[in-house]
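A short write-up of the structure that comes next.
What follows is calculated from the coordinates using simple rules that are stated; it is not laboratory data. None of these values were measured; they are calculated from a predicted model. Every residue, glycine among them, receives a Cβ derived from its backbone with ideal geometry; neighbour counts consider all protein chains shown.
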Amino acid sequence: MPPAALFTEPASASAPLAVLQQVFGYPAFRGQQAAIIAQVCGGGDALVLMPTGGGKSLCYQVPAIARHRQGKGVTLVVSPLIALMHDQVGALEEAGVQAAFLNSTLDGDEARRIERDLLAGRLQLLYAAPERILTPRFLAMLDSLHERGLLGLVAIDEAHCVSQWGHDFREEYLGLSLLHERFAEVPRIALTATADAHTRADIIERLALGDARVFVDSFDRPNIRYTIVEKDDARKQLLRFLREEHDGPDGMDAGIVYCQSRKKVEETAAYLSEQGLVALPYHAGLDADLRRRHQDRFLREDGIVMVATIAFGMGIDKPDVRFVAHLDLPKNIEGYYQETGRAGRDGAPANAWMAYGLADVVNQRRMIDEGEAGEDFKRLQRGKLEALLALAEAHGCRRVRLLGYFGEASQDCGNCDNCLNPPAVWDATEAARKALSCIYRCRQASGFGFGSGHVIDVLRGKSTDKVVQRGHDRLSTFGIGSDTAEPQWRGVLRQLVALGHIQVEGEYNTLALADSARAVLKGDESVLLRVAAEAPPKPRSGKARKAGSGGGKAAAGKAPPLPLDEAGLARYAALKAWRAEAARAHNLPAYVVFHDATLAEMARAAPTSLAELAVVSGVGAKKLDAYGAAILDVLQA
């Protein structure tokens, strides 16, 4: 019996459910996938907002295959990154789909062969970057396909890149409205994991999706635990987090550490390497071949820590990233959400950890103020930064505030640092008034402002050369905060900047009073601030287990994604060893062959025949044909 015959077929092989079951091996659609696919298969446009790991790719891959089987031609997938194209095409080929990409990694002969397959209608999906798609040569090929009725669908992935309000604007995306002007009756689907109200409106306007049906899935990623700590030697804090949470008997988990600058990326990677971790740097200033090799190692090997700028990550499909750490504050909540969303794509527990301090707030505000954008754009960016600062300084549930930013109501999650260890707060009104008064007096006495270090020295009554030289030891505010430690004053100033009562100005990051400071100084507004934590507390047992199997290290370790008995664990280990060999033979990341969840289900069910193996979620007809006999041999051994 051929493998395809082992699957229950709906009425037509081109029906979306038939494609899902036979090609991808999944029994049913999840969430809004069925409605999205019906909209696109029916010839309508769609804008899809769905979190990372929520199954966005199937929303255009299933219609692409279904429409090709109906004789409607190829689907063009607009994809911004070469790495994403390679992985997606590799995964589709493993599933038996005729897919290809056109990009700069191909030589002339390979590119011409793919172009011939495209024009002959043999391809089901073709991936390309927007700058290539908008060239005269490529548009001429699309014209030829369209004239023969062989351009079936246009899918625009990472659609937030079209928005100047978004966190990852790419100018080449602006030209994609040409596809609608040129091929008006060809349905389009635009997809993103991150877009607030401004960005959504911009996507619709710039891609001419006014008639598109908008699908917004929940932004919640319940398997991710959010933790934000105050900076105090951030590298050591990072190392402690990694050792306590992600260094198990089988070695270090895979994860990403984001830094703002290239220099900090290289220094952090070197520091972690000195501590015995396998840490690789990645930023746009490195040689392209070195970047590719580092990315390939991260995708194909276990236990790699990638230390990177935001140049790394978009489109990275690696499902078993167990943590994303930030050593610097991102620009806004969309960037933070997008970057942290690269953890735990497989649904297993993962950590999003960030350290931030006053310097982060100062630097981000300065970058906005000194940018070349118009005032309207700067005002919007300041609002986005303030929303992120509010998340960082929140006393309550992080997830409630994060989801609320995207317009989604929720309840306390029980799986963030504030839920697991509610922070103490204190009435800092008097301390705030002292700090604001000191900033005012220093500026008044000298005619210009001073940075946070100098202000804290005056508050604490330290007669430094600079304080004495400026005469600030004679100010009424000199020493009025001597009973408060320097770290606590740094926390007060940081939170007052975050609350908008203090502004940061100029090249030297001097402090000035904002308009709202007046109400605090007059005693009309009270100020409640977080108590500075001396060390990050360990998660309490119980609640920490909400998102998955265990808290702490157990929650993020390399255990299978479902409980297995001793025999099942042995089968799972054997299947992972077999998968590693198969992936090497096919020059693919292991997860492209099968996800961990599929291997775990095989280990649990222990099928003894192809028919039994066929019902395991994630085993499609092509993979059953290619790997079925080998898998049964592994399980029987």
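Taking the charge dipole of the stretch 224-419 about its Cα centre, with +1 at Lys and Arg Cβ atoms and -1 at Asp and Glu Cβ atoms, the residue from GLY285, GLY341, LEU380 reaching farthest to the positive side is LEU380.
So the label point goes 7 Å from the Cα of PHE448 along Cα→C-beta, right? Which residues of the stretch 476-506 then have their backbone N under 16 Å from it? Only 505-506 fall inside the zone, counting backbone N under 16 Å.
If I model a spin label as a point 7 Å beyond the Cα along the Cα-Cβ vector, how far apart are those points for SER12 and TYR508 in nm? Each label point lies 7 Å from its Cα, and together they span 7.4 nm. Karplus-derived 3J(HN,Hα) values for the stretch 573-581, using 6.51 cos²θ - 1.76 cosθ + 1.60 with θ = phi - 60°, are 4, 5, 5, 5, 5, 5, 4, 4, 5 Hz; glycine and proline are entered as x.
Legend: residue pairs LYS236/LYS462; LYS434/LYS466; LYS263/LYS384; LYS56/LYS623; LYS576/LYS622; LYS434/LYS522, Cα-Cα distance threshold 18 Å; pairs beyond threshold, LYS236/LYS462; LYS434/LYS466; LYS263/LYS384; LYS56/LYS623; LYS576/LYS622.
Between GLU274 and ARG137, what FRET efficiency comes out of the Förster formula 1/(1 + (r/R0)^6) with R0 = 41 Å and r the beta carbon distance, rounded to 0.05? Walk me through the intermediate numbers first.
Numbers: r = 50 Å, r/R0 = 1.21.
With a Förster radius of 41 Å, E is 0.25.
Taking the number of Cβ atoms within 10 Å of each Cβ as an exposure proxy, the fewest-first ranking of ARG293, ARG170, ARG579 is ARG293, ARG170, ARG579. Over the chain, dividing the summed -39,500 (n - 2.57) contributions of all DSSP H runs of at least 4 residues by the number of residues returns a 222 nm mean residue ellipticity of -13000 deg cm²/dmol.
Taking the Cα centre of the chain as reference, the dipole from Cβ charges on Lys and Arg (+1) and Asp and Glu (-1) amounts to some 800 debye.
Classification of the stretch 426-530 by its C-alpha gyration tensor yields a prolate form. The axis ratio a/c (a ≥ b ≥ c) is 1.5 or more, and a/b outweighs b/c. Within the shell defined by Cβ-Cβ distances under 12 Å, the residues around GLY53 carry a net charge of +1, with Lys and Arg each +1 and Asp and Glu each -1. For ARG225, the residues whose amide H sits under 5 Å from its own are ALA350, ASN351, ALA352, ignoring neighbours fewer than 5 places away on the same chain, with H placed 1.01 Å from N. As a proxy for reagent exposure, ranking SER14, SER463, SER79 by other Cβ atoms within 10 Å from fewest up yields SER463, SER14, SER79. Which of rounded, prolate or oblate describes the stretch 566-636 when judged by the alpha-carbon gyration tensor and an a/c cut-off of 1.5? It is oblate, given that a/c is not under 1.5 and a/b is not larger than b/c. Using a simple spin-label model with pseudo-atoms 7 Å out from Cα toward Cβ, SER463 and ARG69 lie 8.6 nm apart. In the chain, the longest principal axis of the Cα atoms and the axis of helix 486-498 are about 60 degrees apart.
Note that the stretch 426-434 has calculated 3J(HN,Hα) couplings of 9, 6, 9, 4, 5, 4, 4, 5, 4 Hz, one per residue in order, obtained from phi through the Karplus relation 6.51 cos²θ - 1.76 cosθ + 1.60 (θ = phi - 60°); glycine and proline are x. Backbone amide hydrogens, once placed in the peptide plane, bring HIS326 within less than 5 Å of TYR258, TRP353, MET354, ALA355, excluding anything fewer than 5 places away on its chain. The calculated FRET efficiency for the pair ASP109 and ALA38, based on their C-beta separation and a Förster distance of 30 Å, comes to about 0.15. Look at the dipole of the stretch 566-636 built from charges on Cβ: of VAL634, ALA603, ALA590, the Cα furthest out on the positive end belongs to ALA590. Once R0 is set to 60 Å, what does the formula 1/(1 + (r/R0)^6) return for the Cβ-Cβ distance between ALA573 and HIS395, expressed as a FRET efficiency to the nearest 0.05? E(calc), rounded to 0.05, equals 0.85. A simple charge model with +1 on the Cβ of Lys and Arg, -1 on the Cβ of Asp and Glu and nothing else charged puts the dipole of the stretch 566-636 at about 160 debye relative to its Cα centre.
Rounded, prolate or oblate for the stretch 12-216? Axes are the square roots of the Cα gyration tensor eigenvalues, ordered a ≥ b ≥ c, and the cut-off for rounded is a/c under 1.5.
Working: a/c = 1.40, a/b = 1.06, b/c = 1.32.
It comes out rounded by the Cα gyration axes.
Near the amide H of ILE502, within less than 5 Å, lie the amide hydrogens of VAL497, ALA514, all on another chain or at least 5 residues away, with H placed in the peptide plane. From the P(r) of the chain, could you give the percentage of C-alpha pairs in the tail past 42 Å? Result for the distance tail: 30 percent. In order along the stretch 140-149, phi translates into HN-Hα couplings of 5, 5, 5, 4, 4, 4, 4, 4, 9, x Hz, rounded to whole numbers, per the Karplus curve 6.51 cos²θ - 1.76 cosθ + 1.60 with θ = phi - 60° and x for Gly and Pro.
So, with +1 on the Cβ of K and R and -1 on the Cβ of D and E, and no other charges, what is the size of the charge dipole of the stretch 137-217 about its Cα centre, to the nearest 20 debye? Write down the numbers at each step before the final one.
Numbers: 8 positive and 14 negative charges, 42 e Å.
Computed about the Cα centre, the dipole is about 200 debye.
Placing pseudo-labels 7 Å out from each Cα toward the beta carbon at PHE169 and ARG474 gives an inter-label distance of 5.0 nm.
Against the chain, whose longest principal axis comes from its Cα atoms, helix 358-370 is set at around 80 degrees. Compute the long axis of helix 82-94 from its Cα atoms, compare it with the longest principal axis of the Cα atoms of the chain, and write down the angle in degrees, 0 to 90, nearest 10. That works out to roughly 30 degrees. Residue separation of SER218 and ARG243 scaled by 0.36 nm, minus their Cα-Cα distance, works out to 5.8 nm of gained length. The distance linking the stretch 184-245 with the stretch 327-397 is 12 Å (Cα centroid to Cα centroid, whole angstrom).
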